[in-house]
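What follows is calculated from the coordinates using simple rules that are stated; it is not laboratory data. None of these values were measured; they are calculated from a predicted model. In this analysis, Cβ positions are derived from the backbone assuming ideal geometry, glycine residues included, and neighbour counts consider all displayed protein chains.
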């Protein structure tokens, strides 16, 4: 396999490794903002769940819900940005596995907040900030809150697995040597 046959990668002759295609600044900002929001969401939910009930648990769950709404908005804006950039200037096609992983990450990052929002709609806890309440996207007290919260949690754990895979692939691409382009 030659360098020309690996889309999106060029050779850095001095370093002897591939140089990963550079992303535009808005894409980088969307990426790292999403990372920060996911870290806040996961940590606030885990800590709040461990605390059970009380002021701090309620505060952390409110932070979790607020961060979820912001994450949903950021991911949707990021998706629109990516589609618009693709329409303006289609990039070289990446490997199919990477494309699938990126679209799967988008899908899960959209489904998680929607499942949580449906759960809080059913449960009747739609307040995200003092005086700010989300509109219901699911009938209140329909009896599916436990299922929706469980689905929300499993999606979140699935997201963590996808993120680990994403980090592993990005690290592999970064460290891959020009004289050995095939991953082992």
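If you average the C-alpha positions of the stretch 27-73 and of the stretch 124-159 separately, how far apart do those two centres end up, in angstrom?
Distance between centres, Cα-based: 14 Å.
With the Cα gyration tensor of the stretch 79-157 in hand, convert its eigenvalues to equivalent ellipsoid semi-axes via √(5λ) and list them largest first in whole Å. Walk me through the numbers before you get to the answer.
Details: eigenvalues 223, 51, 15 Å².
Its equivalent ellipsoid spans semi-axes of 33, 16, 9 Å.
Can you give the Kirkwood hydrodynamic radius for the stretch 16-89, in Å, rounded to one decimal and based on Cα pairs?
14.3 Å is the Kirkwood radius here.
Once label points are set 7 Å from the Cα along Cα→Cβ at both residue 56 and residue 36, what is their separation, rounded to one decimal in nm?
2.5
Mind pulling the per residue volume of the convex hull built on the Cα atoms of the stretch 3-175? Å³ is fine. Show your work: numbers first, answer last.
Working: hull volume 24.6 nm³, N = 173.
For the stretch 3-175, the hull spanned by Cα atoms encloses 142 Å³ per residue.
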